[in-house]
């Protein structure tokens, strides 16, 4: 159990990767501190973790609100005494429109969540980790920063900015025993992608299997990676098994892109 007795704060608890990060952390023995805007989803994930014998608290959080971020970290410390790991999973996809048709206000909102919101939560967590002289932070990033796709400019820009900031923070915070790493996710099989595949296949009048085959032709492993397997890669970087890894970019996409 690579996270036994570690207190892990997870933002962006949702129906895909967010909840799998939480379930995986709990299975590895972590004290889970769950954060998202949706109270119902938080309650659902917390209930399952506790039912399965794990430990979890939930704190409704909007990461663009600095007071919410402070309340989240305070709750973690009050309940479990420390913040050992932070998994930054909360994100905003933005509108899927080409640049000339885009409203740059949407880009700003996407940047406000994915970049400034993530850094705001990170800053509050780091203040606690400095007191402990140890901590681990994992940024959930995206293949979009390495394999550009039309209509996703705002999202790609926000995640690319996060890439640069994470490396600087890894340099600055290393002397305090704080590690920062990034995982770059591609396609992940879970409820969101399953819904996308089924909906797109219906719209195109093809079988879902045919669409999946079209997606996986560019993935050497020949599969859409399962979101739990993707979560496990992030949990590894968060754990003490990765004690000497910082400033790293880990591709978690079945080989669709290789750095």
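A few comments on the model shown:
- Computed Kirkwood radius, in angstrom, where 1/r is averaged over Cα pairs of the chain: 18.6
- Length-normalised contact order of the chain in % [C-alpha pairs under 8 Å, at least 6 apart]: 20
- Simple spin-label estimate for residue 213 and residue 70 gives 5.7 nm between the two label positions (7 Å along the Cα-to-Cβ direction from each Cα).
- Ordering of 204-210, 64-70, 160-166, 9-15 by burial proxy (mean other Cβ atoms within 10 Å per residue, highest first): 9-15, 160-166, 64-70, 204-210
- Using a Förster distance of 22 Å, the FRET efficiency for residue 229-residue 194 (Cβ separation, nearest 0.05): 0.90
- The alpha carbon centroids of the range 147-195 and the range 2-71 are separated by 20 Å.
- The alpha carbon convex hull volume per residue for the range 174-254 rounds to 95 Å³.
- Spin-label proximity, residue 147 to the range 181-211 - amide N less than 14 Å from point 7 Å beyond Cα toward beta carbon: 184-189
- Label reach from residue 172 (point 7 Å along Cα→C-beta): in the range 126-152, amide nitrogens under 19 Å belong to 126-140.
- Comparing 78, 243, 232 in a Gaussian network model of the chain, where Cα atoms under 10 Å apart are tied by springs, the biggest mean-square fluctuation is seen for 78.
- Between the Cα long axis of helix 17-27 and the first principal axis of the chain there is an angle of about 40°, rounded to the nearest 10.
- Considering every alpha-carbon pair of the range 45-119, the percent of pairs per 5 Å bin, from zero through the bin containing the longest distance, is 3, 14, 18, 19, 16, 11, 9, 6, 4, 2, 0.
Each reported figure results from applying straightforward, stated rules to the coordinates on display, with no laboratory input. Quick caveat, the model's predicted, so the values are computed rather than measured. Methodologically, a virtual Cβ is constructed for each residue, glycine included, from the backbone with ideal geometry; neighbour enumeration extends over all protein chains shown.
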